[in-house]
Number of protein chains: 2
Amino acid sequence: MADAAPPEAPTPADFTFAPLSPVSFLSRAAAVFGERTAIVDGELTFTYAEFHQRSGQLTAALADLGVQPGDRVAALCANSHVMLELHHGVPGFGAVLVPLNIRLSEAELGYILEHSGATLLVATAEFAEAARTIADAAGIRVIVAGGADDEYEALLTTATAPVWRDADERGLLAINYTSGTTGRPKGVMYHHRGAYLQSLAMAYHTGIGPGSAYLWTLPMFHCDGWCFPWALTAAGATHVCLRAIDTAQIWRHLTEDGITHFSAAPTVLTMIAEDPAAATLDHTVHATTGGAPPSPSLLARMADLGVEVTHLYGLTETFGPIAVNQWQPEWDAGDADARALLKARQGIGNISAGLLRVVTPDGDDVPADGATEGELVARGNNVMLGYYRDPDATAGATVNGWLRTGDVAVMHPDGYAEIRDRSKDVIISGGENIASVEVERVLDSHPDVVESAVVARPDDRWGEVPVAYVTVRHGADLCADALVEFAREHLARFKVPKHVVFAELPKTSTGKIQKNVLRRQVEQGDAS
Amino acid sequence: MADAAPPEAPTPADFTFAPLSPVSFLSRAAAVFGERTAIVDGELTFTYAEFHQRSGQLTAALADLGVQPGDRVAALCANSHVMLELHHGVPGFGAVLVPLNIRLSEAELGYILEHSGATLLVATAEFAEAARTIADAAGIRVIVAGGADDEYEALLTTATAPVWRDADERGLLAINYTSGTTGRPKGVMYHHRGAYLQSLAMAYHTGIGPGSAYLWTLPMFHCDGWCFPWALTAAGATHVCLRAIDTAQIWRHLTEDGITHFSAAPTVLTMIAEDPAAATLDHTVHATTGGAPPSPSLLARMADLGVEVTHLYGLTETFGPIAVNQWQPEWDAGDADARALLKARQGIGNISAGLLRVVTPDGDDVPADGATEGELVARGNNVMLGYYRDPDATAGATVNGWLRTGDVAVMHPDGYAEIRDRSKDVIISGGENIASVEVERVLDSHPDVVESAVVARPDDRWGEVPVAYVTVRHGADLCADALVEFAREHLARFKVPKHVVFAELPKTSTGKIQKNVLRRQVEQGDAS
């Protein structure tokens, strides 16, 4: 073979290195899954060859528009082919994607546009008006996709040659702004290497392949859709876009479109289970859930419907799910309650994330006894580069070189972590800690309860006492005394809610219950 | 959170980077699969906690023995807990593993010891005698594991503190010697990053998890067992060691030990199917095969037995299987012959390997028409760093920055590659490569031989076996048996010609031996 070496024989580095970038999955999919259906978005469908071609046209359009590598391109988009193309074309061109939460106010969106320094905004037609308003205020160009005058499609049609750039694997891929429980949103910086490895982990843990069809119930703007825009492309699976959460529509997709996988917060799973169309599926569907542990009653209900639930856990700062409740086969032997307790644990670092730890304020491991509380921390490739333009917040996010999650957890003897409470959800009553999730799990197990949220009410005698907000099943006849009595049967006395409010629960766009809203109501005398 | 930042707040790099090394999977497995069975090796079993602890003791033993980071540690081992520990302890310590093919002759092994500059040899008891002989000749220390005086176990028992070193991800992990096509074995340099990504790809494509049990029919010395020593550990699966190929034993494992996965060349699959104990399994077993495409009749036979076969393809230079015959669900609709044709294709680059290409001698893509032949080439992270101490061979291994596989292939319109003809001078016997030139060089060194040519003869049991055409010096009195005996002294048994034909060799006008003519003669029954 040496005879055949060209005079300009390359050095080893040429053939033994490729930068890790999730964008690379698309060219591979176009080559080897070219005729497979990549995207279903209403009446539109695109093959992987078309998806790749259109994303290439998008890179050309970006060049035509004068976008430079490193520029930030913001997206105010429904789950759509447009958002999938942006996830590939923008970083593939070398620019940085800034996905915007569609539920934010114009003031909040304007802040993010300004803070990120985005020079271009792409919006789907649903959000054209808000997009024009905030882009005008920021003095930047807006491109609307869809509708009567489809600017996005026109740009793609007239675009010149694609401009794909090799990634710097530790370079900036996207900035995902956190909803920010306190203060202004912070811009979480994603790098190519992290998104690539997280995509492989998601593909591995969910078992997706060319035969899979994923229903996009999870918003793509949320942690870049937990990296599924890239993971599904790596697997050659089909993206089925859902532009808005509509449980009747979800059931049509589940029953008629061969959906095999989807992701949703427990509250969204509850809505799906409560829909009148809910019925046992004729094939197993795999759901990944996160944001809160699924309750035993929800798990039982989903199992009845033919939906297998995997519990994942993560933060915007960790590319979505850095932890997975990796199920172990021996656990099948337990009864439903034992299985639900095991499944409620956030679990272990995913296959590419390495180890998670639970540490003291000084950064030392707590004993792995399933009882001693500490803070869950993470590190490694599946962690953000830091907060954009905010070195102080970045420095404050770590302890001894590990990223703080802000979540209070215990480490079980088997190495699985379990969150006992989001830091703010610890209720301290008479010197005893109460994990609000523990109380909620009991309330949720009542047959007449759809869901519940437990928060602290300041109390002169005990410091704080737990108050429960509860949504009751339609048509049920449940009174507060009966529910409190039920709770007493399952909980230590100090953990039993001192007051029950029957109400719809306020939620974020991603389906998380807004406990801060409930706390404010409590402070304003709602539950006294 | 900023208030809690320690004064020595780390920079982002601290929490957002971990070197990619397959060794890292073991500490994760010890933490989260600690009580699961990691290894079954005859009567011995070890949990993941024990596997990790023992590998740590091995790092300590290496330090005690004076091994330095970067030193080469050779292994002459059966598939065993020892070999698995070496795969983690040696690179975990920062040294370089040199797995030796147990079927090589002492002369061949001696060459590799010398070329690699190994300073230590670890052998399992089956190979103690050969190990002592070659280590003595090389003047290096040998440690024998097992047997009456278990030196390995004694070293682990008395070892002091573990010495785990962080990897340089593009640094040297192992050197795997290949028989190659040009005579002397070449040392293929594996890097940590490549083995990590290949491990993730193997875990993804085989769907292994904590419920899986993998039977080690594949030799661990062969491409580091296709990276399964690490992939299975990442998945928390069980390694079931098979110290020698024994089909009755394989059937006992398949029927009694809950085996879910194994890997074997088609010739080994055939032996398994032909064993008297062969019977339909009560659970599906997943087999990955490579080295040659599985035949339609073999696929049908394996399906009858309950074994699902995935066809993989790769080289020592690509960490084992860089290609996977990724099955697409629509293909199930074809009849058995159509399915077998599809399955015979080597397929697509695996999920972390990127694209494969089929190119002209100038490095341009051939048309993807399923007919135009070219050479299959690869590049990226799943490709070796180069050949150890052989820059010429390294340079000669590439064309335009892509690694040449030496295999003649076509590219189908759907992006799947199919090998039409292997590099013609490689004979694959029982899954092992034989370089015909290497055999010829030995035959030619016999004083009575003028010249020789070695070609493959198809063989039901081994796939192929080598046949030698030999021209004898005028007046010499050499018989076939004597020449075979001579070859045995210099070559591994599987490389020794199974048949010798004394004849004038057919040549072109320019004097090149026409092996195609000899191959045709063999096919017509010349050497049966």
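The values are calculated or read from the model by the stated rules, or taken from the named source; none is laboratory data. Keep in mind that this is a model prediction, so the values were computed, not measured. Positions of Cβ are backbone-derived with ideal geometry, glycine not excepted, and every protein chain shown enters the neighbour counts. Surface accessibility is based on the protein's heavy atoms, side chains included, excluding ligands, DNA and RNA. Shrake-Rupley method; radii C 1.70, N 1.55, O 1.52, S 1.80 Å.
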So, in the stretch A:249-262, exactly how many residues are under 25 Å from A:A125 (Cβ atoms) and within 17 Å of the chain's Cα centre (by Cα)? 1
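Is it the case, given these coordinates, that B:G306 is more than 20 Å from A:G207 (Cβ to Cβ), modelled with pLDDT of 95 or more and surrounded by fewer than 23 Cβ atoms within 10 Å (Cβ to Cβ)?
Numbers: more than 20 Å from A:G207 (Cβ to Cβ): yes; modelled with pLDDT of 95 or more: yes; surrounded by fewer than 23 Cβ atoms within 10 Å (Cβ to Cβ): yes.
For B:G306, the condition - more than 20 Å from A:G207 (Cβ to Cβ), modelled with pLDDT of 95 or more and surrounded by fewer than 23 Cβ atoms within 10 Å (Cβ to Cβ) - is met.
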From the list A:V472, A:V496, exactly one residue is over 22 Å from A:W462 (Cα atoms), of a type outside the set (G, A, S) and surrounded by 16 or more Cβ atoms within 10 Å (Cβ to Cβ). Which is it? A:V472
How many residues does the stretch A:12-31 hold that are facing chain B (nearest Cβ under 8 Å) and modelled with pLDDT under 95? 5
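Could you list, in sequence order, the residues of the stretch B:178-217 that are closer than 30 Å to B:E256 by Cβ, more than 12 Å from every other protein chain (Cβ to nearest Cβ) and open to solvent by 10 Å² or more (accessible area, probe 1.4 Å)? Steps first, answer last, please.
Taking the stretch B:178-217 and keeping what is closer than 30 Å to B:E256 by Cβ, we get B:199, B:202-217.
Subsequent filtering for residues that are more than 12 Å from every other protein chain (Cβ to nearest Cβ) retains B:214-217.
Residue satisfying the conditions is B:T217 alone.
Of all residues in the stretch A:32-50, which are free of Cβ contacts under 8 Å to residues at least 40 places away in the same chain and either out of contact with any strand residue (DSSP E or B) (no Cβ under 8 Å at 6 or more places or on another chain) or more than 14 Å from chain B (Cβ to nearest Cβ) (or both)?
Looking only at the stretch A:32-50, we keep the residues that are free of Cβ contacts under 8 Å to residues at least 40 places away in the same chain, and these are A:34-35, A:43-47, A:49-50.
Matches in the stretch A:32-50: A:E43, A:L44, A:T45, A:F46, A:A49, A:E50.
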Those residues of the stretch A:104-124 which are open to solvent by 40 Å² or more (accessible area, probe 1.4 Å) and at pLDDT 95 or above, in sequence order: A:E114, A:T119
Residue selected from the stretch A:18-35 under the condition part of a helix (DSSP H, G or I) and within 26 Å of the chain's Cα centre (by Cα), by the criterion surrounded by the fewest Cβ atoms within 10 Å (Cβ to Cβ): A:S27
Of the residues in the stretch B:359-389, how many are under 23 Å from the mean Cα position of the chain (by Cα) and closer than 18 Å to B:G406 by Cα? 12
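Between B:A480, B:A417, which is among the small types (G, A, S), more than 20 Å from the chain's Cα centre (by Cα) and under 30 Å from B:W226 (Cβ atoms)?
Working: B:A480 fails: under 30 Å from B:W226 (Cβ atoms).
None of the others qualify; the one that does is B:A417.
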In the stretch A:144-155, what residues are surrounded by fewer than 20 Cβ atoms within 10 Å (Cβ to Cβ) and on the phi < 0 side of the Ramachandran plot? A:A148, A:D149, A:D150, A:E151, A:E153, A:A154, A:L155
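Go through the residues of the stretch A:158-167 one by one and say whether even a single one is outside any loop (DSSP other than H, G, I, E, B) and touching an Asp or Glu at 6+ places or on another chain (Cβ under 9 Å).
First, pick out the residues of the stretch A:158-167 that are outside any loop (DSSP other than H, G, I, E, B): A:158.
Pick out the ones that are also touching an Asp or Glu at 6+ places or on another chain (Cβ under 9 Å) and you get A:158.
Scanning the stretch A:158-167 turns up at least one residue that is outside any loop (DSSP other than H, G, I, E, B) and touching an Asp or Glu at 6+ places or on another chain (Cβ under 9 Å).
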Looking only at the stretch A:365-380, which residues are open to solvent by less than 10 Å² (accessible area, probe 1.4 Å) and at the interface with chain B (Cβ under 7 Å from one of its Cβ atoms)? A:G380
Within the stretch B:396-424, work out how many residues are touching a Phe, Trp or Tyr at 6+ places or on another chain (Cβ under 8 Å) and away from chain A (no Cβ under 12 Å). 1
Odd one out for A:G349 among (1) open to solvent by less than 10 Å² (accessible area, probe 1.4 Å); (2) in contact with a Phe, Trp or Tyr (Cβ under 9 Å, 6 or more places away or on another chain): (2)
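One line per residue, one yes/no per condition, for (1) hydroxyl-bearing (S, T, Y); (2) in contact with a Leu (Cβ under 6 Å, 6 or more places away or on another chain):
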| residue | (1), (2) |
| --- | --- |
| A:A231 | no, no |
| A:T238 | yes, no |
| A:A287 | no, no |
| A:P296 | no, no |
| A:G306 | no, yes |
| A:H311 | no, no |
Could you check A:V383 against (1) under 20 Å from A:I419 (Cβ atoms); (2) surrounded by fewer than 20 Cβ atoms within 10 Å (Cβ to Cβ); (3) at the interface with chain B (Cβ under 9 Å from one of its Cβ atoms) and say which number it fails? (2)
(1) among the hydroxyl-bearing types (S, T, Y); (2) farther than 19 Å from B:R493 by Cα; (3) surrounded by fewer than 22 Cβ atoms within 10 Å (Cβ to Cβ): which one isn't true of B:T133, the others all being true? (2)
Looking at the stretch A:59-85 only, could you name the residues that are open to solvent by less than 10 Å² (accessible area, probe 1.4 Å), farther than 25 Å from A:Q249 by Cα and either part of a helix (DSSP H, G or I) or aromatic (F, W, Y) (or both)? A:T59, A:A60, A:A61, A:L62
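Considering only residues that are within 7 Å of chain A (Cβ to nearest Cβ) and touching a residue at least 24 places away in the same chain (Cβ under 8 Å), look in the stretch B:386-395 and name the one that is least open to solvent (accessible area, probe 1.4 Å).
Quick first cut of the stretch B:386-395, residues within 7 Å of chain A (Cβ to nearest Cβ) only: B:386, B:392-395.
Now drop any that are not touching a residue at least 24 places away in the same chain (Cβ under 8 Å), which leaves B:386, B:393.
Numbers: B:G386: 1, B:A393: 20 Å².
Applying the filter and picking the extreme gives B:G386.
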Quick one: A:D246 ticks every box in (1) at pLDDT below 95; (2) within 19 Å of the chain's Cα centre (by Cα); (3) surrounded by 18 or more Cβ atoms within 10 Å (Cβ to Cβ) bar one, so which box is it? (3)
Pairing a residue in the stretch B:474-492 that is in the same structural domain as B:S445 (by TED's automatic domain parsing) with any residue that is open to solvent by 30 Å² or more (accessible area, probe 1.4 Å) and among the small types (G, A, S), where Cβ atoms lie under 9 Å and the two sit 6 or more apart in sequence or on different chains, gives B:F486/B:S445; B:E489/B:A107; B:H490/B:A107; B:H490/B:S445; B:L491/B:A107
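Residue-wise test of (1) of a type outside the set (D, E, K, R); (2) more than 18 Å from the chain's Cα centre (by Cα); (3) under 17 Å from B:Y388 (Cα atoms).
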| position | (1), (2), (3) |
| --- | --- |
| B:L58 | yes, yes, no |
| B:G89 | yes, yes, no |
| B:L104 | yes, no, no |
| B:A148 | yes, yes, no |
| B:T158 | yes, yes, no |
| B:W164 | yes, yes, no |
| B:G171 | yes, yes, yes |
